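Engineer: Encoded as structure tokens, here's the structure I'll be asking about.
Every number here is computed from the coordinates shown, using simple stated rules; none is lab data. This structure is a prediction, so every number in the text was calculated from the model and none was measured. Cβ placement follows ideal geometry from the backbone for every residue including glycine, while neighbour counts extend to all protein chains displayed.
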Amino acid sequence: MSEERSLNFIEEIIENDLNSGKYKTLVTRFPPEPNGYLHIGHAKAICLNFGLTQKYGGYTNLRFDDTNPVTEKTEYVNSQQEDIKWLGFQWKNELYTSDYFDTLYDFAVKLIEKDLAYVDHSTADEIAAMKGTPTEPGKNNSYRSRSIQENLDLFMRMKNGEFADGVCTLRAKIDMAHTNMLMRDPIIYRIKHAHHHRTGDKWCIYPMYDFAHGQSDSIEEITHSICTLEYVSHRELYDWFIEKLEIFPSHQYEFARLNLNYTVMSKRKLLQLVNQGVVSGWDDPRMPTISGLRRRGYTPESIREFCDRIGIAKRDNLIELSLLEFCVREHLNKTANRVMAVLDPIKMVISNYPEGQSETLYGENNPEAEDKGGSREIPFSKTLWIEREDFMEVPAKKWFRLAPGAMVRLKHAYIVKCEDFVKDVEGNVTEIHCSYIPESKSGEDVSGINVKGTIHWVSAAHAKTAEIRMYDRLFSVESPDAEEGDFKDYLNPGSMEVIKNAYIEPYLASADLSSRYQFIRKGYYCLDKDSTAQHLIFNRTVGLKDAWAKGNK
RNA sequence: UGUCCGAUAGUAUAAGGGUAGUACAACGGUUUUUGGUACCGUUUGUCUUGGUUCGAAUCCAGGUCGGACAACCA
């Protein structure tokens with residue numbers, strides 16, 4: 001506990017409230033609407049809400065904000081729960097706003113009885129016309145002066161299904177000239193003869209967000225209701241309902257939502273990508289969804305670390321993707337076993353190694369791990385696959401890989417010297433001939449030779465094949481929604497490149513969906529769920545930093 | 001044109017009247033059987049104009065810029 005971390009503004013508020021005795025226990029909630037999959041922006045909110053109660057004690061509820069039956073589905077409820085658990089958090093209570101529909105109805109009646117709500121038979125267009133604009137006040141309509149009795153009767157008939165969708169609404173009676181447009185008699189109940197994923201056909205009227213969220217917070221005695229900046233202007237209404245209803249005073253605090261460059265974050269846009277087949281689904285590894293990141297190979301630890309590093313504040317932000325990548329590399333560097341895979345193969349023949357002979361070499365699995373992660377067997381033989389880019393016919397300056405006459409170390413094996421190479425009629429190099437130095441065997445090198453370069457390889461006779469899916473950012477511009485025209489005009493055409501036939505070392509045949517690997521010198525990879533024993537498929541989570549490639553762009 | 005929110009290196013985020021710090025990014029170097037990791041170093045910042053004060057990123061006032069708000073969505 002030696003490290004002093006500065007507090008974000010919400011932690012300061014909480015510490016003050018706890019120290020002053022305003023609250024004894026901290027209670028927060030994570031309130032997703034089950035109308036889509038959770039994304040990295042939600043992860044920020046999840047880490048915040050659950051993180052706060054982990055730090056200060058108390059608990060966090062999971063509450064599905066299911067007040068709009070036409071967009072919500074049980075499928076989403078399930079995926080959202082799975083994602084939160086996978087991120088490593090456990091909620092105290094699993095709750096639904098729909099659990100409170102009876103109470104919410106009573107709250108509405110109470111408002112009517114206080115002459116603070118009325119049934120309005122205006123059409124949607126009429127309501128909009130009377131609402132004014134941000135700079136002009138709205139106007140009262142004639143329904144506003146209906147009697148309490150009449151409103152009570154009408155609202156009951158709304159509930160009883162006597163009216164078709166859209167015929168009338170229940171509105172709070174506040175002030176049509178208020179500078180905050182949300183206070184201009186907001187609609188609090190609307191008629192929707194729709195089947196609800198939990199309450200079925202019990203209701204045909206559903207509360208609006210503003211008449212559900214704050215009250216739900218209050219019912220659960222949420223002490224700190226944390227949401228994003230777009231709800232700032234809702235806070236006035238939030239407080240108004242709590243005051244008029246005389247219920248537990250939850251308080252709302254707003255922070256800036258996460259924006260990530262080269263991605264879009266709105267559920268509406270992500271849904272479009274899914275529905276229009278731009279990606280393979282909500283869990284496409286290029287999606288910023290939790291399920292997409294999971295399939296891509298991101299770890300919960302790395303996402304939590306990311307959320308921790310981006311901080312919590314009130315100013316708009318655009319976080320660089322490179323920070324997310326840094327976080328996953330940092331975690332995987334410590335935990336992923338190293339293996340060898342050749343993605344763009346070229347044949348190497350070792351001229352002085354006996355035909356038909358092979359031997360078993362050993363490679364440590366992870367130089368960063370305490371016990372080096374143990375070791376594995378790696379077969380070696382006369383003919384190998386190496387990476388095409390590790391050979392240069394005419395070496396560049398400061399090149400210390402393979403070139404005519406040059407020597408390199410084969411990782412975990414011998415030092416080899418390039419003696420010759422073969423080209424096809426088109427001038428492509430098809431084969432590299434080397435000699436090896438028997439005394440240079442890894443771990444028992446008595447050759448006295450020092451080489452600058454080490455390359456990875458796979459024994460041709462022992463290699464397995466695999467499909468490799470190389471992912472990159474989904475968009476080619478930093479801020480797709482800020483560009484002219486449709487955001488889909490800015491998709492990165494190279495966001496997924498598939499290598500059909502890569503060679504991998506035999507050890508990888510035993511890979512399972514929970515394993516993450518570092519393909520030495522290439523990047524971090526994990527098995528994809530489409531993989532079968534006959535057809536292995538690996539996803540690239542993120543590449544390794546490459547100082548050589550960077551300097552030679 | 002109204003109300004509300006915000007403004008610190010390229011990107012984020014600290015400093016709560018007293019040396020502008022940290023991380024990522026970028027750049028350079030050391031180590032290295034991964035051109036990875038680790039380690040060291042360098043560059044880059046308080047939107048503006050006034051005021052209060054011995055002293056202002058911080059407090060006050062005006063301005064500028066950015067964002068939000070006119071769904072029977074959340």
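Engineer: Just from its helices, what would the mean residue ellipticity at 222 nm be for chain A, if runs of 4 or more DSSP H residues each count -39500 (n - 2.57) and the sum is divided by every residue, rounded to the nearest 500 deg cm²/dmol?
Structural biologist: -8000 deg cm²/dmol
Engineer: As I understand it, the dipole of region A:470-529 uses +1 on the Cβ of Lys and Arg and -1 on the Cβ of Asp and Glu, about the Cα centre. Which of A:494, A:504, A:477 lies farthest toward its positive end?
Structural biologist: Toward the positive end, the furthest listed residue is A:504.
Engineer: In sequence order, what are the phi-derived ³J(HN,Hα) couplings for region A:122-138 according to the Karplus relation 6.51 cos²θ - 1.76 cosθ + 1.60 with θ = phi - 60°, rounded to whole Hz, with x for glycine and proline?
Structural biologist: These are the phi-based 3J(HN,Hα) values: 5, 7, 4, 5, 5, 4, 4, 5, 7, 7, x, 10, x, 9, 10, x, x Hz.
Engineer: Would you please give the FRET efficiency between residue A:393 and residue A:74, computed as 1/(1 + (r/R0)^6) with r the Cβ-Cβ distance and R0 = 51 Å, to the nearest 0.05?
Structural biologist: Taking R0 as 51 Å, the efficiency between residue A:393 and residue A:74 is 0.25.
Engineer: So how many Å³ per residue does the convex hull of the Cα atoms of region A:93-158 work out to?
Structural biologist: Each residue corresponds to 139 Å³ of Cα convex hull volume.
Engineer: While we're here: R0 = 56 Å: FRET efficiency of residue A:476 with residue A:136, Cβ-based, nearest 0.05?
Structural biologist: After rounding, the FRET efficiency stands at 0.85.
Engineer: Next question. Dipole of chain A (Lys/Arg Cβ +1, Asp/Glu Cβ -1, origin at the Cα centre): which of A:138, A:418, A:250 lies farthest to the positive side?
Structural biologist: The listed residue farthest towards the positive side: A:418.
Engineer: Out of the DSSP beta bridges found with both residues in chain A, what percent are antiparallel (nearest 5)?
Structural biologist: In chain A, approximately 70 percent of DSSP beta bridges are antiparallel ones.
Engineer: Let me ask something else. Per chain A: cysteines with no other Cys C-beta under 4.7 angstrom?
Structural biologist: When partners are defined as cysteine Cβ atoms under 4.7 Å apart, chain A leaves A:168, A:204, A:227, A:327, A:418, A:434, A:526 without one.
Engineer: Enter the Cα centre distance for the pair region A:141-175 and region A:279-318, rounded to the nearest angstrom.
Structural biologist: 44 Å
Engineer: Please work out the Cα center distance from region A:196-221 to region A:453-499, rounded to the nearest Å.
Structural biologist: That distance is 43 Å.
Engineer: From the residues A:399, A:386, A:351, which one has its Cα farthest along the dipole of region A:342-421 in the positive direction, the dipole being from +1 and -1 charges on Cβ of Lys/Arg and Asp/Glu about the Cα centre?
Structural biologist: Toward the positive end, the furthest listed residue is A:399.
Engineer: How big is the C-alpha Rg of region A:470-526 next to the rule-of-thumb value 2.2 N^0.38 Å, as a ratio?
Structural biologist: 1.61
Engineer: Tell me, what ³J(HN,Hα) does each residue in region A:447-452 have, in order and in whole Hz, if you take phi through Karplus 6.51 cos²θ - 1.76 cosθ + 1.60 with θ = phi - 60° and put x for Gly and Pro?
Structural biologist: 6, x, 8, 10, 10, 7
Engineer: For region A:422-427, what does the Karplus curve 6.51 cos²θ - 1.76 cosθ + 1.60, with θ = phi - 60°, yield as ³J(HN,Hα) per residue in whole Hz, taken in order and with x for Gly and Pro?
Structural biologist: Values, residue by residue: 10, 10, 8, 4, 7, x Hz.
Engineer: Counting pairs on different chains as well as pairs 8 or more places apart, how many Lys pairs in region A:74-232 have Cα atoms under 20 Å apart?
Structural biologist: Number of lysine pairs found: 11.
Engineer: Using 0.36 nm per residue of separation minus the Cα-Cα distance, give me the extension gain between residue A:464 and residue A:23 in nm, one decimal.
Structural biologist: 152.6 nm
Engineer: Under a Cβ-only charge scheme (Lys and Arg +1, Asp and Glu -1), can you give me the dipole magnitude of chain A about the Cα centre, in debye to the nearest 20?
Structural biologist: Dipole magnitude for chain A comes out near 760 debye.
Engineer: In nanometres, what is the gap between the two model label sites at residue A:121 and residue A:533, each 7 Å from Cα along Cα-to-Cβ?
Structural biologist: Going from the residue A:121 label point to the residue A:533 one covers 7.2 nm.
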